[in-house]
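*Asks:* Here's a structure for you.
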Amino acid sequence: VQIAGLTLESAEILLNKVVKEKFVGTDIYISIKEMRDIQVILTGFVEVPGIYTLSGNSSALAAIRAAGGIKEGGSYRNITIKRKGQVLSSLDLYKLFIDGIIQTNTALQDGDVVHIEPLKKIVNVYGGVKRPAKYEILNESIKDIIYFAGLSLSNSEIEYVTLTKETNTSSPVSSRVEKNKFNEI
């Protein structure tokens, strides 16, 4: 019975079907004793780009760690996993770091490429929030960014923010944004 390339679950279903046809009332259970190592390629804004040998069933996070992490200027929100030239999935590490949710834990396969895109937009958040820092933004509103920053330092509702935008021609322009406009900007 050929099971190469099947998942463990698919192989077990196929083998059970074959065995049940020959031996009535028999079930089998299979497990993996040893996995073959895989080679994956890390590109883009990773500390040490290159080809890495990882244990089978490794994830993109394990590959990034093996390559020394994401380089300064690299995106934590736009990481692509490519297989045979096609984008298999994208990874946004903010979902993991801020919410504790593993968005996709796709097991890498031999020849996969993990690509870290460059940062595009960042915003500095400081003042009365629990996690003042620089945050990478995609299409988030002020409300989302306040959430990233851990909400109010005093656990009270934030009534307004001062939004300062840098311009190419003159000094930064500041404006006050009231709470009812947080979802719009």
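The values are calculated or read from the model by the stated rules, or taken from the named source; none is laboratory data. Note that the structure is a prediction, hence the values are computed from the model and not measured. Cβ atoms come from the backbone with ideal geometry, glycine included; neighbour counts cover every protein chain shown. Calculation scope for accessible area: heavy atoms of the full protein, side chains included, ligands and nucleic acids excluded. Shrake-Rupley method; radii C 1.70, N 1.55, O 1.52, S 1.80 Å.
*Asks:* For LEU96, work out the one condition from (1) over 22 Å from LEU8 (Cα atoms); (2) outside any strand (DSSP E or B); (3) open to solvent by 60 Å² or more (accessible area, probe 1.4 Å) it doesn't fulfil.
*Replies:* Against the list (1) over 22 Å from LEU8 (Cα atoms); (2) outside any strand (DSSP E or B); (3) open to solvent by 60 Å² or more (accessible area, probe 1.4 Å), LEU96 comes up short only on (3).
*Asks:* Which of the residues that make up the stretch 23-41 are of a type in the set (Val, Ile, Thr), in contact (Cβ under 8 Å) with a residue 40 or more places away in the chain and open to solvent by 50 Å² or more (accessible area, probe 1.4 Å)?
*Replies:* Listed by number, the list holds a single entry, ILE41.
*Asks:* ASN180: modelled with pLDDT of 85 or more and farther than 26 Å from ASP92 by Cβ, yes or no?
*Replies:* Against the criterion (modelled with pLDDT of 85 or more and farther than 26 Å from ASP92 by Cβ), ASN180 qualifies.
*Asks:* Right, next: Regarding THR80, is this residue among the hydroxyl-bearing types (Ser, Thr, Tyr) and part of a loop (DSSP other than H, G, I, E, B)?
*Replies:* No.
*Asks:* Right, next: With the requirement that a residue be touching a residue at least 40 places away in the same chain (Cβ under 8 Å) and open to solvent by 60 Å² or more (accessible area, probe 1.4 Å), what does the stretch 42-56 give you?
*Replies:* Selection gives PHE45 alone.
*Asks:* Within the bounds of the stretch 23-41, is there any residue that is touching a helix residue (DSSP H, G or I) at 6+ places or on another chain (Cβ under 7 Å) and part of a strand (DSSP E or B)?
*Replies:* Yes - at least one qualifying residue is present in the stretch 23-41.
*Asks:* Filter the stretch 2-22 down to the residues that are at negative phi and not in a helix (DSSP H, G or I), then identify the one that is surrounded by the fewest Cβ atoms within 10 Å (Cβ to Cβ).
*Replies:* Step by step, filter the stretch 2-22, then rank; the result is ALA4.
*Asks:* If you go through the stretch 55-75 one residue at a time, how many are at pLDDT 95 or above and of a type in the set (A, V, I, L, M)?
*Replies:* Selection size over the stretch 55-75: 5.
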